[in-house]
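Novice: Mind looking over this structure? Questions follow.
The values are calculated or read from the model by the stated rules, or taken from the named source; none is laboratory data. The structure presented is a predicted model; accordingly, all values stated were derived computationally and were not measured. Note that each Cβ is placed from the backbone with ideal geometry, even for glycine, and that neighbours are counted across all protein chains shown.
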């Protein structure tokens, strides 16, 4: 990984070269990362091509950082409380969505709140225990919508999510703010 400095108003970024076919841009915990094929030499052109997207994403991140200052984590919920809550939500949402989850697992995850596998396993980040119940409900539903419609965040996916959570964009913004708050307050020490 190489750390690069600002380029044409785009904040510093990290370049990670891998054995992949196509380049991509990602924001990971607030930092821009260019994931590039080995030997790829059009780094600056890639940034210029996607500069508006990068700037927009950076504004969203800066806003979330600011919002994180107004949030508080709730450290009263235990891991077992989280497991019980998620299990009851899974049972409810399976019925609502007509899906089936094979297994629910809790573990600390470094870059996301939860994931849904092709085997219909649901993995929940244990850090969710610090969030308000409404956000735990949203994350669980979001992942279970993937069980119904697949892994993509396409129009069909967001239509389904919007049926239950018309304010899903607000929920997503809150999740990002809480992510920054938890990283700052807890770092890598608790699960």
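Novice: Have a look at 101, 54 and point out the one that is closer than 24 Å to residue 14 by Cα, surrounded by 16 or more Cβ atoms within 10 Å (Cβ to Cβ) and touching a residue at least 24 places away in the same chain (Cβ under 8 Å).
Specialist: The match here is 54.
Novice: Given the range 14-122, what strands (runs of 3 or more DSSP E) lie entirely inside it while holding 3 or more residues that are within 20 Å of the chain's Cα centre (by Cα), more than 21 Å from residue 140 (Cα to Cα) and not assigned by TED's automatic domain parsing to the domain that holds residue 142? Explain how you work it out, then say what you get.
Specialist: Numbers: elements: 24-28, 31-37, 103-107, 114-116.
Fully inside the range 14-122 and qualifying: 24-28, 31-37.
Novice: Against the condition over 16 Å from residue 172 (Cβ atoms), within 20 Å of the chain's Cα centre (by Cα) and assigned by TED's automatic domain parsing to the domain that holds residue 176, how does residue 130 come out, does it pass? I'd like the intermediate steps shown before the answer.
Specialist: On the way: over 16 Å from residue 172 (Cβ atoms): yes; within 20 Å of the chain's Cα centre (by Cα): yes; assigned by TED's automatic domain parsing to the domain that holds residue 176: yes.
Here the answer is yes, as residue 130 does meet what is asked.
Novice: Taking the options 185, 164, 171, name whichever one is more than 17 Å from the chain's Cα centre (by Cα), surrounded by 15 or more Cβ atoms within 10 Å (Cβ to Cβ) and within 19 Å of residue 61 (Cβ to Cβ).
Specialist: Every option except 185 fails the conditions.
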